[in-house]
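Undergrad: Below is the structure I would like to discuss, written out as structure tokens.
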Amino acid sequence: MKRFYSCTNNNKPKILVLSGSTGAGKSRVAIELAKQIKGEIICADSIQIYKNLSVGSNSNDTINQKEVPFHLYNFLDINNSKFNVYNYFQHAKKAINEIVDRGNTPIIVGGCGFYLDSILKGSREPELTQKEREEIDILESKIKNSQWDYYYDILKEIDIESAKCISRNNVKRLTMSLYFNLIKEVKFSSLKDQFSDSIKDSYDFRCFYLTTERYKRTTMLNERCEAMVYSGLLDEVFHLLMTQENFINSKAGKSLGYKETIKLLLNQYPNISTNKINKNKNKNKNNKNEISEESIVNYIKDFRSVTRQYSKRQDTWFKKDEIYHWMDIQNNNLNHL
């Protein structure tokens, strides 16, 4: 990797981009590289940007490394529903410019394709009028109050490329795709190459996608999910349900791992909410251990399954982009990389 990084035919400042499927070890590699090349790490993970999600986002070990500066980790309030790709792009662009001005190398780390595309190609959030935003809000409410599969199947029929890029229960992305396809009669997938405000010509981007053999990854992902549960994921989500009024409906609450944990806890404790915190706080705390072993086993199976599915979708997304050099992390030690 250092060989690819050091080769250059121009005088542009270099930016290193490390992506890969969930659990691939991106942060570990980034930290070691940052120590060697005066790097500063910028988060490109759609969950690690939020505050108070340390266990489920697996960000504790990352940001506790004192030797390396980190940016855009744990800075966004959980209930901020307006933050979008364009907002992320503006934050990331500012961090990149400041790091380069200090004479250091930005290392962008994460698996969020939309965030990385915004940095590498520019923002592609469509400009909308107030009337269009109101129409989108109405459509989003309809989808929230109906069956996900019904609307998702509609999108698959008219724009399969958009459907492939939408994770389950990402209502906002499904709404936007359907709105453009049905109302504006424009394939949302056709907008993927329409970018603005690009910084790609100002920097020399070196992009890597970390991967490993399928059977090794399956084992690794299964162990990772179990480790999160044993590290206190249930306690973290229980606390968030008790203290964050809209956590269930937030982007973070619908994300990988948190969604499955919320489902488990709500089945066991249907009265969990900030409105009933004073009345039920002690009662709920005392009863947390009453979740049956069968429920825990099924929950972990579900968590592991959706994590593996998400990992496959990430591979599908990044295989389409030739800018990334794929690298088997298991067959290379960090010193070699």
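Undergrad: What is the one condition in (1) under 16 Å from Val55 (Cβ atoms); (2) touching a residue at least 60 places away in the same chain (Cβ under 8 Å); (3) surrounded by fewer than 15 Cβ atoms within 10 Å (Cβ to Cβ); (4) charged (D, E, K, R) that Arg224 does not satisfy?
TA: The number of the failed condition is (3).
Undergrad: Now a separate question. Being closer than 16 Å to Gly113 by Cβ and without any contact (Cβ under 8 Å) to a residue 40 or more places away in the chain is the filter here; which residues of segment 136-173 pass it?
TA: Answer for segment 136-173, where residues must be closer than 16 Å to Gly113 by Cβ and without any contact (Cβ under 8 Å) to a residue 40 or more places away in the chain: Glu161, Ser162, Ala163, Ile166, Arg173.
Undergrad: Can I ask one more? Given the residues Asp201, Asp235, which is the only one that is surrounded by fewer than 18 Cβ atoms within 10 Å (Cβ to Cβ) and either under 21 Å from Asp315 (Cβ atoms) or in the same structural domain as Leu120 (by TED's automatic domain parsing) (or both)?
TA: It is Asp201.
Undergrad: Which of the residues spanning segment 290-311 are in contact (Cβ under 8 Å) with a residue 12 or more places away in the chain and over 16 Å from Leu266 (Cα atoms)?
TA: Arg304, Val306, Thr307, Arg308, Tyr310, Ser311
Undergrad: Scan segment 1-29 residue by residue and report those that are modelled with pLDDT under 85 and farther than 28 Å from Lys312 by Cα.
TA: Arg3, Ser6, Cys7, Thr8, Asn9, Asn10
Undergrad: Which pairs turn up if I take residues in segment 96-111 that are assigned by TED's automatic domain parsing to the domain that holds Asp201 and part of a helix (DSSP H, G or I) and look for partners that are modelled with pLDDT under 95 and β-branched (Val, Ile, Thr) with beta carbon separation below 9 Å, at least 6 apart in sequence or on another chain?
TA: Ile96/Ile119; Ile96/Ile199; Asn97/Ile199
Undergrad: Do we find a residue being part of a loop (DSSP other than H, G, I, E, B) and more than 23 Å from the chain's Cα centre (by Cα) anywhere in segment 186-196?
TA: Yes, that holds for at least one residue.
Undergrad: Going by what's in this entry, would Phe318 be described as within 24 Å of Lys26 (Cα to Cα), in a helix (DSSP H, G or I), at pLDDT 70 or above and in contact with a strand residue (DSSP E or B) (Cβ under 7 Å, 6 or more places away or on another chain)?
TA: Values: within 24 Å of Lys26 (Cα to Cα): yes; in a helix (DSSP H, G or I): yes; at pLDDT 70 or above: yes; in contact with a strand residue (DSSP E or B) (Cβ under 7 Å, 6 or more places away or on another chain): yes.
Criteria met by Phe318.
Undergrad: Right, here's the next one. Please go through segment 147-166 and give me each residue that is of a type in the set (D, E, K, R) and under 14 Å from Leu182 (Cα atoms), ordered by number.
TA: Pass one, segment 147-166, residues of a type in the set (D, E, K, R): 149, 153, 156-157, 159, 161, 164.
Answer for segment 147-166, where residues must be of a type in the set (D, E, K, R) and under 14 Å from Leu182 (Cα atoms): Asp153, Lys156, Glu157, Asp159.
Undergrad: Now, a different point. Taking the options Ile296, Ile300, Ile277, Ile272, name whichever one is within 30 Å of Thr211 (Cβ to Cβ) and either at pLDDT 90 or above or among the β-branched types (Val, Ile, Thr) (or both).
TA: None of the other options fit; the residue is Ile300.
Undergrad: Within segment 196-225, restricting attention to residues that are within 20 Å of Leu18 (Cα to Cα) and among the hydrophobic types (A, V, I, L, M, F, W, C), which residue is modelled with the lowest pLDDT?
TA: Ile199
Undergrad: I've got another one for you. Any residue that is assigned to a loop (DSSP other than H, G, I, E, B) and either surrounded by fewer than 18 Cβ atoms within 10 Å (Cβ to Cβ) or within 18 Å of the chain's Cα centre (by Cα) (or both) - is there at least one of those in segment 173-184?
TA: So far as segment 173-184 goes, yes, one or more of its residues are assigned to a loop (DSSP other than H, G, I, E, B) and either surrounded by fewer than 18 Cβ atoms within 10 Å (Cβ to Cβ) or within 18 Å of the chain's Cα centre (by Cα) (or both).
Undergrad: Taking the conditions exactly as written (modelled with pLDDT of 80 or more, surrounded by fewer than 16 Cβ atoms within 10 Å (Cβ to Cβ), assigned to a helix (DSSP H, G or I) and not assigned by TED's automatic domain parsing to the domain that holds Gly110), does Glu161 satisfy them or not?
TA: Against the criterion (modelled with pLDDT of 80 or more, surrounded by fewer than 16 Cβ atoms within 10 Å (Cβ to Cβ), assigned to a helix (DSSP H, G or I) and not assigned by TED's automatic domain parsing to the domain that holds Gly110), Glu161 qualifies.
Undergrad: Continuing with the same structure: Please go through segment 211-267 and pick out each residue that is out of contact with any Leu (no Cβ under 9 Å at 6 or more places or on another chain), assigned to a helix (DSSP H, G or I) and within 17 Å of Leu76 (Cβ to Cβ).
TA: Selection gives Thr243, Asn249.
Undergrad: I've got another one for you. Counting just the residues of segment 229-246 that are among the aliphatic types (A, V, I, L, M) and out of contact with any Phe, Trp or Tyr (no Cβ under 8 Å at 6 or more places or on another chain), which one comes out farthest from Ile323 (Cα to Cα)?
TA: Among residues in segment 229-246 that are among the aliphatic types (A, V, I, L, M) and out of contact with any Phe, Trp or Tyr (no Cβ under 8 Å at 6 or more places or on another chain), the one farthest from Ile323 (Cα to Cα) is Met242.
The values are calculated or read from the model by the stated rules, or taken from the named source; none is laboratory data. Everything numeric here is computed off the predicted structure, so don't read it as measured data. All Cβ positions, glycine included, derive from the backbone under ideal geometry; neighbour counts span all protein chains shown.
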